[in-house]
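Enquirer: One structure, as structure tokens, below. Some questions next.
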Protein chains: 2
Amino acid sequence: MIRVVVADDERLVRLGLRAILDAEPDLTVVGEAANGAEVVSLVRELRPDVVLMDVRMPQIDGIRATEQLTTTLDPAPRVLVVTTFENDDYVYEALRAGAAGFLLKRARAEEMVQAVRLVAHGDSLLFPNAIRQLAAGRRAPASAPSPTDRLTEREGQVLRLMAAGLTNGEIAERLVVSPETVKTHVGSVLAKLGARDRTQAVITAYESGFVQPG
Amino acid sequence: MIRVVVADDERLVRLGLRAILDAEPDLTVVGEAANGAEVVSLVRELRPDVVLMDVRMPQIDGIRATEQLTTTLDPAPRVLVVTTFENDDYVYEALRAGAAGFLLKRARAEEMVQAVRLVAHGDSLLFPNAIRQLAAGRRAPASAPSPTDRLTEREGQVLRLMAAGLTNGEIAERLVVSPETVKTHVGSVLAKLGARDRTQAVITAYESGFVQPG
DNA sequence: AACCGGCTCCCCCTGGCGGGGGAACTGGTC
DNA sequence: GACCAGTTCCCCCGCCAGGGGGAGCCGGTT
């Protein structure tokens, strides 16, 4: 069970996020905070796996709160910065502060859920699809790390075969290893991509451009 | 078990197709023919589900053989015309003759297998991806029917939710029906798309453009 | 030498998935 | 009225998928 704390000064936003996350069987919102000071003490108390952190908040802003949490807690919670993406600067400041990634408020519920799973399971620094696309639309900043980047060579091979529609047994034959080994690799792929099953993994493979239609 | 007859005047081509098809647990090549006369009598005798028919063959060409089979047998076998696609005319002649679809010799094994399952399960007139793309590259002929076209409205909704990574139970909640109903729709989608499982169905959804990345 | 990441294989176990049936109701067509 | 396609729901069943462990081997790093 992935435990989440939601921090946003707007009650409606907190409600919306809670509705989306609590609908998932493997996610639970254990607490809400309305400002930066509140979230810091709440997270110290509840020790959630993931914090959804709004940038603009009273008292202590999201960036400073993120910095406090990631530098003073061990293990540090994974912080997802919730943003409307009006301002580029937030991105780099948030990363410096130790944020694990970003969440666009206008993103689809599925994307949000997957992003939460992603940072909870893996430890990757990620730009969710929507952010990547917006960023690419303006000017490519540094490069756009995809969750598929963290896959090992073998895991990448396995994902490609998953995206070709093969079963574990067929992948095993193709790679000339045992089905158990394939299961191990598939498990690693699912964890690194934040996917619940092979179908979601294949979807991520398409959405991230790891494989292309046609 | 889908029973297939392979008709091609080149022995190597027959061997290659047999190797690809017999590797699938649900497919079996029950006979081979080297010319048009042979395939007609062989199919009358064996009554396979699917015939892979080369266009250029001695004695009776693939088109004429297709016409004889589809007009004189009941139930008629599903004929997939195997082609290298040098000549546009074959396409329309084959369709008039009752062919169920086309198979590019240079297509990947997975595409071939899926095409066979597709015509065996469904009864749709289909252009495999490779053909569709080549055709679109020249000039769009009439329109390019996709296997997703035959889905009912409800099945299309279900496929879209499958392609969003939802489980049957989650789809049931979203559509406010029972999980059993979703299972029925999913089963129909798999049959119509020639997919073995939901992962392959989602792949087809992306490959056919039914859903787009991004 | 000790360590770690990547790859390999094994166990047990649960649950969702998919195939096989069947059956009822709707609305539209013949 | 008979028929059919589409949608809905139900049964049983086997299988693969995915999570939980653990463990050994290799190669490069510290």
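The values are calculated or read from the model by the stated rules, or taken from the named source; none is laboratory data. Here the structure is a predicted model, which means the values were calculated and not measured. For neighbour counting, all protein chains shown are included, and Cβ atoms are generated from backbone atoms with ideal geometry for every residue, glycine included.
Enquirer: Is it true that A:R174 is without any contact (Cβ under 8 Å) to a residue 60 or more places away in the chain, within 14 Å of another protein chain (Cβ to nearest Cβ) and of a type outside the set (V, I, T)?
Expert: yes
Enquirer: Evaluate the following for B:K183: is it within 9 Å of DNA strand C (Cβ to nearest atom) and on the phi < 0 side of the Ramachandran plot?
Expert: Yes; evaluated as a whole, the condition is true for this residue.
Enquirer: Which members of region A:27-52 meet the condition of being assigned to a strand (DSSP E or B) and farther than 9 Å from A:V5 by Cβ? First the steps, then the outcome.
Expert: Restricting attention to region A:27-52, the residues satisfying the condition of being assigned to a strand (DSSP E or B) are A:27-33, A:50-52.
Passing the criteria: A:L27, A:T28.
Enquirer: Then there's this: I need the full set of residues from region B:56-70 which are at pLDDT below 80 and either part of a loop (DSSP other than H, G, I, E, B) or outside the structural domain of B:E10 (by TED's automatic domain parsing) (or both), in order please.
Expert: Passing the criteria: B:R56, B:M57, B:P58, B:Q59, B:I60.
Enquirer: For the condition touching a helix residue (DSSP H, G or I) at 6+ places or on another chain (Cβ under 6 Å), within 10 Å of DNA strand D (Cβ to nearest atom) and not hydroxyl-bearing (S, T, Y), what is the one hit in B:V176, B:V202, B:V211, B:V182? Even if it seems obvious, please write down each step before you answer.
Expert: On the way: B:V176 fails: touching a helix residue (DSSP H, G or I) at 6+ places or on another chain (Cβ under 6 Å); B:V202 fails: within 10 Å of DNA strand D (Cβ to nearest atom); B:V211 fails: within 10 Å of DNA strand D (Cβ to nearest atom).
Matching residue, one of B:V176, B:V202, B:V211, B:V182: B:V182.
Enquirer: Scan region B:149-205 for residues that are over 18 Å from the mean Cα position of the chain (by Cα), part of a loop (DSSP other than H, G, I, E, B) and farther than 23 Å from A:T204 by Cβ and jot them down.
Expert: Those that are over 18 Å from the mean Cα position of the chain (by Cα), part of a loop (DSSP other than H, G, I, E, B) and farther than 23 Å from A:T204 by Cβ: B:T152, B:V176, B:V177, B:S178.
Enquirer: At pLDDT 85 or above and either of a type in the set (S, T, N, Q) or away from DNA strand C (no atom under 13 Å from the Cβ) (or both): which single residue out of B:S124, B:S146, B:S188 fits that description?
Expert: Of B:S124, B:S146, B:S188, the one residue that is at pLDDT 85 or above and either of a type in the set (S, T, N, Q) or away from DNA strand C (no atom under 13 Å from the Cβ) (or both) is B:S188.
Enquirer: Test A:E207 against the stated conditions and say whether it is closer than 26 Å to A:A120 by Cβ and at the interface with another protein chain (Cβ under 9 Å from one of its Cβ atoms).
Expert: Numbers: closer than 26 Å to A:A120 by Cβ: yes; at the interface with another protein chain (Cβ under 9 Å from one of its Cβ atoms): yes.
So A:E207 fits the description; yes.
Enquirer: Taking the condition of being within 11 Å of DNA strand C (Cβ to nearest atom) and either surrounded by fewer than 15 Cβ atoms within 10 Å (Cβ to Cβ) or within 11 Å of another protein chain (Cβ to nearest Cβ) (or both), how many residues in region B:149-167 meet it?
Expert: 5
Enquirer: Right, next: Hey, A:Q114 hits all of (1) assigned to a helix (DSSP H, G or I); (2) modelled with pLDDT of 75 or more but one; which does it fall short on?
Expert: (2)
Enquirer: Quick check on my filter: what residues within region A:57-73 are in contact with an Asp or Glu (Cβ under 7 Å, 6 or more places away or on another chain) and surrounded by fewer than 19 Cβ atoms within 10 Å (Cβ to Cβ)?
Expert: Filtering region A:57-73 down to residues in contact with an Asp or Glu (Cβ under 7 Å, 6 or more places away or on another chain) leaves A:57-58, A:62-63.
A:P58, the sole residue that qualifies.
Enquirer: Right, another one. If you take the residues of region A:185-197 that are surrounded by fewer than 23 Cβ atoms within 10 Å (Cβ to Cβ) and at the interface with chain B (Cβ under 9 Å from one of its Cβ atoms), which of them is farthest from DNA strand D (Cβ to nearest atom)?
Expert: A:R196
Conditions tested, residue by residue: (1) within 17 Å of the chain's Cα centre (by Cα); (2) among the hydrophobic types (A, V, I, L, M, F, W, C).
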{"position": "B:M1", "(1), (2)": "yes, yes"}
{"position": "B:V13", "(1), (2)": "no, yes"}
{"position": "B:R18", "(1), (2)": "yes, no"}
{"position": "B:V29", "(1), (2)": "yes, yes"}
{"position": "B:L46", "(1), (2)": "no, yes"}
{"position": "B:R78", "(1), (2)": "yes, no"}
{"position": "B:T83", "(1), (2)": "yes, no"}
